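Novice: This is the structure I want to talk about, given as structure tokens.
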Amino acid sequence: MRLLRIVPDDTTFDFIRFRRISFPISALLSIVALAAFLTLGLNFGIDFKGGTLLEVRYPNSTLNIADVRSKLEALDLGEVQIQEIGSDGEVLIRVAQQPGGEQAQQAVVGRVRATLGEGVEYRRIEVVGPRVSQELLSYGIVGLMLAVVAILIYLWFRFEWQFALGASIANFHDIVLTIGFMAIFRIDFDLTSVAALLTILGYSLNDTIVIYDRIREMLRRYKKMPTDELLNASINSTLSRSVITHVTVTLALLALVLFGGRAIHSFSVTMMFGVVLVGTYTSIFIASPLLIYLGVTTRTLAERAEKEAASKVERLAP
Amino acid sequence: MLYFSKWKAIAIVAVSAIICLMVVPSLLPTKAYDHLPGFLQRKIVLGLDLQGGSYIVLQVDSAEVRTARLEQLRDDARRVLRDAKVGYTGLNIQGDAVQVRVRDGQDVEAAYTQLRTLAQPIGGAMATTGQLDTDVTRDGNLISLSPTSTGVQARTIQAVSQSIEIIRKRIDQLGTTEPSIQRQGADRIQVQVPGLQDPSRLKALLGQTAKLTFRLVDNTMSPQQALQGRPPAGTDVLYSDGNPPVPYLIEQRVLVAGEDLTDAQPGFDPTTREPVVTFRFNTNGARRFAEATQANVGRPFAIILDNKVISAPVIREPILGGSGQISGNFSVQEANDLAILLRAGALPVPLQVVEERTVGPGLGADSIRAGLIASIVGAVAVALFMIATYGIFGVVAVLAVAVNVGMIFGVLAMLGATLTLPGIAGVVLTVGIAVDSNVLIYERIREEARAGRSAISAIDAGFTRALATILDSNITTFIAAAVLFYVGSGPVRGFAITFGIGIMTTVFTAFTLTRLMVALWVRWRRPQRVPI
């Protein structure tokens, strides 16, 4: 049987030289992402913003969006978003946080139900009060930071500090780009997005560590190889694995995006961006070349030891 | 590395099989499941997003707890001073304290001693902290009682516990299966009712304090006069629930309260055919109600629920039997719900709904279908790709991943964990990542073979070298999953559970099952070169 081979054996692509292009590109993209985040902001879902969300279905295509809109706008509930979703008479209604605390939030559902009348199927109702949304947001942020710190500490113990720092910079880059992506494409930022961000973080690290592992191994074996050559060799020798793994993860995620349903759509799309684009690119073009600038101890130490030995020999010679 | 003793091989297969089989009870119909022995009665619970239902978070407001305590202190102070025969003026709540002015300077000491008995040690009489829940201070002949903040805190926690009991009694009456009521933090209660279609009824049942009192209507002036001027001492103006609300002037003194009810049932009035609620008092309540109605024939009294007047009938004759009925333009369901509320008892303080999520059963079913389709499509695509890339080794990988997924569901069942929609996403992602461990191993084997090793030695070295990397990369990912689990709630948690379990089963299968299968293959074929 002839097996599928995507990456040929013994590739010698000069990934490290590519850093002269990849670093500026990443810097530019990060700036764009940050700018998007600062100017457009994230499209907070009701988990973090508070408010009310109703997903309703009009059976037998009796849906008239304009009619629903005018009815609900007459309620004077402040900002109301009405969005037709799918093709079988489903509408997503979002009502912003009401002034007047928890009870006012609760009253919204009753008023909308009374307005829409009978014969409407309520598929989903979510009400998040101001106190809860504040907490959820701060838990989300704390969770992200805790995860980064915990992973950093683990890496610091398992590798040298340069690797831990390199991996964190790469990770930070991934999170910034993903947040920028979410800001630009107005993807709902809710609790599920925090889960997606954390998964991207874990996954991108997973990828970086596979290459770092190889770099460390080669550092021990080839003490005299120039750094860029060694990094290139490490990336090339793991390239086949990187590509095959990413194809499988992409296939799994693609299934989620296409068939997973709307409830996890923003999760799937975010993951797709983060894992497939940023995660892979980062570990090869950012995380690995970074090690050059951070300096890699094993090698430096080995050189220093050799120099010292050489100078001793010189002194003894005459 | 490639050698497995017979017993080790059997143990690996047995452990994998048993964990996979733990999923079987979850797939059985309820009837068969109930016949299983106890240790097998463990199954995956479907989250509300998959089976439909309501999730509500209620909060006890500590400001309400303070207010309730102040009102109780005011009433207790009135009783204590009356029993001690101390003359006083202006007993009322001022800000965060109850204040009272003792009329005669000679009585101040006695009043102070008596009022101090109202302060109770925090945590009950057995507590050893020595802290009191109320500060009692005096300034001349003005005595004030104010609840301490630790006292209010302790009462808030206590109110949550009491509320959970009462909520449980109320929800049990709805007749839904497996409701879950849990404390969340110091001041919140999380209620999950699977399969409930109409959350508004649940909210109506939980959102009411259901404090019922019977009090006399004050006839000395009209409610309108009282609203314009000042209501007489010891009275309040309360409104009916109707539209427009009708004001009533009501005495503060309570004839009988809801605690003295022993039973309440919905029924129909024999003459008007209207839905009513009939109730029965305990001995104490019956005696007090009889005395009060005997003394006030011809006067109206009011039935008040949560400070709203339900009805205000005139006492035509003394009610001695200890039972009666409440009528008030109820629908059948309203009468039924009021009876439930009265039977379950009043909440110690009002609760506020701070979060609500309801998923209709239709959407839940759609989500299960979507999740299943995505999982199957994803798994098939990955399997085909792996077999195309690695041939027979690809088959090994697919088998390992299949067992892996079986084990994830098995562990979920053993833990009795909840499977949510994001949880399914976690499984799909695990499939993608589990494949990575196989890819790492196979690529390493290929490398070793190309470096000139013999087939068996290459396979052996490939496993040894790759497993270290697999461990490193999976531990970091596991840290992210663990953090997700601890800080996350709801959907995030559901995802973290399956993802975390998936990482563990992935490492397990990579170290044991994949290796065992490859080892068996090597023994069977004795390959001269690596087939990948």
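Novice: Quick one: in the range A:112-134, which of the residues that are more than 7 Å from chain B (Cβ to nearest Cβ) and of a type in the set (Ser, Thr, Tyr) is least open to solvent (accessible area, probe 1.4 Å)?
Specialist: Kept after step one, since they are more than 7 Å from chain B (Cβ to nearest Cβ), are these residues of the range A:112-134: A:112-120, A:130, A:133-134.
Imposing the further condition that a residue be of a type in the set (Ser, Thr, Tyr) reduces the set to A:115, A:133.
On the way: A:THR115: 37, A:SER133: 3 Å².
Looking at the filtered set, the residue picked out is A:SER133.
Novice: Out of (1) open to solvent by less than 50 Å² (accessible area, probe 1.4 Å); (2) in a helix (DSSP H, G or I); (3) at pLDDT below 90; (4) out of contact with any strand residue (DSSP E or B) (no Cβ under 8 Å at 6 or more places or on another chain), the odd one out for B:ASP49 is which?
Specialist: Tallying (1) open to solvent by less than 50 Å² (accessible area, probe 1.4 Å); (2) in a helix (DSSP H, G or I); (3) at pLDDT below 90; (4) out of contact with any strand residue (DSSP E or B) (no Cβ under 8 Å at 6 or more places or on another chain), B:ASP49 fails exactly one: (4).
Novice: Right, next: Which residues, taken from the range A:36-79, are surrounded by 12 or more Cβ atoms within 10 Å (Cβ to Cβ), more than 21 Å from A:TYR122 (Cα to Cα) and either free of Cβ contacts under 8 Å to residues at least 60 places away in the same chain or more than 31 Å from the chain's Cα centre (by Cα) (or both)?
Specialist: Across the range A:36-79, the qualifying residue is only A:GLY78.
Novice: Right, next: Which count do you get for residues in the range B:178-209 that are part of a strand (DSSP E or B) and at the interface with chain A (Cβ under 10 Å from one of its Cβ atoms)?
Specialist: First, the residues of the range B:178-209 that are part of a strand (DSSP E or B): B:180-184, B:188-194.
Those still in the list that are at the interface with chain A (Cβ under 10 Å from one of its Cβ atoms) too: B:188.
Number satisfying all stated conditions: 1.
Novice: Next question, about the same structure. Go through the range A:148-176 and give me each residue that's among the aliphatic types (A, V, I, L, M) and open to solvent by less than 20 Å² (accessible area, probe 1.4 Å). Give the steps one after another, and end with the answer.
Specialist: Of the residues in the range A:148-176, the ones among the aliphatic types (A, V, I, L, M) are A:148-153, A:155, A:164-165, A:167, A:169-170, A:175-176.
Listed by number, the residues that qualify are A:ILE151, A:LEU155, A:ALA164, A:ALA167, A:ALA170.
Novice: Additional query: Out of all the residues in the range A:186-196, is one or more within 21 Å of B:GLU443 (Cβ to Cβ) and of a type outside the set (Ser, Thr, Tyr)?
Specialist: Here is the first cut: in the range A:186-196, the ones within 21 Å of B:GLU443 (Cβ to Cβ) are none.
Taking every residue of the range A:186-196 in turn, none turns out to be within 21 Å of B:GLU443 (Cβ to Cβ) and of a type outside the set (Ser, Thr, Tyr).
Novice: May I ask you to say which residue of A:ILE93, A:ILE82, A:ILE31 is among the hydrophobic types (A, V, I, L, M, F, W, C), open to solvent by 10 Å² or more (accessible area, probe 1.4 Å), more than 30 Å from A:VAL278 (Cβ to Cβ) and more than 12 Å from every other protein chain (Cβ to nearest Cβ)? Working first, answer last.
Specialist: Numbers: A:ILE93 fails: open to solvent by 10 Å² or more (accessible area, probe 1.4 Å); A:ILE31 fails: more than 30 Å from A:VAL278 (Cβ to Cβ).
The unique qualifying residue is A:ILE82.
Novice: Something else: Take the conditions out of contact with any His (no Cβ under 7 Å at 6 or more places or on another chain) and within 14 Å of chain B (Cβ to nearest Cβ) and apply them to A:ASP14. Does it pass?
Specialist: Numbers: out of contact with any His (no Cβ under 7 Å at 6 or more places or on another chain): yes; within 14 Å of chain B (Cβ to nearest Cβ): no.
No.
Novice: Please go through the range B:381-409 and pick out each residue that is small (Gly, Ala, Ser), within 19 Å of B:LEU513 (Cβ to Cβ) and at the interface with chain A (Cβ under 9 Å from one of its Cβ atoms). Break it down into steps so the answer makes sense when it comes.
Specialist: Just the residues of the range B:381-409 that are small (Gly, Ala, Ser), to begin with: B:381, B:383, B:388, B:391, B:394, B:397, B:400, B:402, B:406.
Going one step further and asking which of them are within 19 Å of B:LEU513 (Cβ to Cβ), we end up with B:383, B:391, B:394, B:397, B:400, B:402, B:406.
The answer is B:GLY391, B:GLY394.
Novice: Determine which single condition A:ILE179 fails, assuming it passes every other condition in (1) in contact (Cβ under 8 Å) with a residue 60 or more places away in the chain; (2) more than 7 Å from chain B (Cβ to nearest Cβ); (3) open to solvent by less than 30 Å² (accessible area, probe 1.4 Å).
Specialist: (3)
Novice: Separate question: Could we say that A:MET225 is outside any helix (DSSP H, G or I) and open to solvent by 10 Å² or more (accessible area, probe 1.4 Å) here? Walk me through how you get there before you give the answer.
Specialist: Details: outside any helix (DSSP H, G or I): yes; open to solvent by 10 Å² or more (accessible area, probe 1.4 Å): yes.
Yes.
Novice: Given the criterion at pLDDT 80 or above and more than 9 Å from every other protein chain (Cβ to nearest Cβ), identify the matching residue among A:THR297, A:THR270, A:THR248.
Specialist: Working: A:THR297 fails: at pLDDT 80 or above; A:THR248 fails: more than 9 Å from every other protein chain (Cβ to nearest Cβ).
When all the criteria are applied, what remains is A:THR270.
Novice: Moving on to the next point. State which residue is farthest from the other protein chains (Cβ to nearest Cβ) when the search covers only the range B:348-380 and only residues that are of a type in the set (Ser, Thr, Tyr) and in a helix (DSSP H, G or I).
Specialist: Of the range B:348-380, the ones of a type in the set (Ser, Thr, Tyr) are B:358, B:367, B:375.
Those still in the list that are in a helix (DSSP H, G or I) too: B:367, B:375.
Working: B:SER367: 5, B:SER375: 7 Å.
The selected residue is B:SER375.
Novice: Right, another one. For the condition assigned to a helix (DSSP H, G or I), within 29 Å of B:VAL507 (Cα to Cα), of a type in the set (D, E, K, R) and modelled with pLDDT of 85 or more, what is the one hit in B:LYS43, B:LYS8?
Specialist: On the way: B:LYS43 fails: assigned to a helix (DSSP H, G or I).
The conditions single out B:LYS8.
The values are calculated or read from the model by the stated rules, or taken from the named source; none is laboratory data. Remember, predicted model here, so these are calculated numbers, not experimental data. Neighbour counts run over all protein chains shown; Cβ positions are idealised from the backbone, glycine included. Heavy atoms of the whole protein, side chains included, go into the accessibility calculation; ligands, DNA and RNA do not. Shrake-Rupley method; radii C 1.70, N 1.55, O 1.52, S 1.80 Å.
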